[in-house]
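Asks: After the structure tokens below, expect a handful of questions from me.
The values are calculated or read from the model by the stated rules, or taken from the named source; none is laboratory data. Quick caveat, the model's predicted, so the values are computed rather than measured. When we count neighbours, we look across all protein chains shown, and the Cβ atoms used for this are built from the backbone with ideal geometry, even at glycine.
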Amino acid sequence: MGTEEVEIVERNYTDSQGGLYLQIYANGKQVNRQGLSGFSGKEMRVAYVWTVNDWFDFSRLDSGAKLRVDITNIRGSKTLSKSMVLTNEESEALVFNGKYDGLVQYYYVCSKCNADLQTNYYSDAQRIVWFSGKYKFKADRGSGLDRVASCLGERFNTTGSNGYVTLMRANTPAEAAREWPMAYQAYGRVQPNGRIDKPGIEDLQACARSKRLQVTFEQ
């Protein structure tokens, strides 16, 4: 879910019977219920820690699902309940990352190109010549995304030794929409007179196969 520091000042439970239970709701419907821990015959003086991603296979849910997590702590005759409603971005992250390893977009940077890519061909400006689409990806053993970039550089090199292919990567679509535009502002865009070839998803998949990478891309 993120990183949050919590200081435990004192844990001094006096009962020795109880349990900790979890329920997950998607769009108001219960999709998971399980016991996290039960304890009997001893006092519990330490904190339990779980990662929410490990509780449930969130890839089973539809994107855009509204998520709520309920925790119930029963200690003897006392019951303490805590309900957490996840933000849209938190819900998206759980569902999206259950299905994919992230989102990637490739682009070609020319380090010595002017705005039209033809007149006064050499300059000191860094400009973006082409963008690929934004693709979801899943990788079995490491992403290998940089090796796909080098392959695309060989196949879609439009400026000889004056350019290179690089990439933007994000964990979720919301992160990409928030952070990628700021990175693009460091460059100008070329406005060529003619058509420039740029890779599609089939080219990314072909590069992954040629490099023997266990990476798949989706629209």
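Asks: Which ranges mark the strands (runs of 3 or more DSSP E) fully within region 100-219 that have 2 or more residues being within 30 Å of residue 88 (Cβ to Cβ), modelled with pLDDT of 80 or more and touching a Lys or Arg at 6+ places or on another chain (Cβ under 8 Å)?
Replies: 102-110, 127-139, 215-218
Asks: Now, a different point. Quick one: which of 68, 60, 33, 45 is of a type in the set (Lys, Arg), over 24 Å from residue 170 (Cβ atoms) and either modelled with pLDDT under 80 or in contact with a helix residue (DSSP H, G or I) (Cβ under 8 Å, 6 or more places away or on another chain) (or both)?
Replies: Unique residue meeting the criteria: 45.
Asks: Further, regarding this structure: Among 195, 155, 147, 209, which is in contact (Cβ under 8 Å) with a residue 60 or more places away in the chain and charged (D, E, K, R)?
Replies: None of the others qualify; the one that does is 147.
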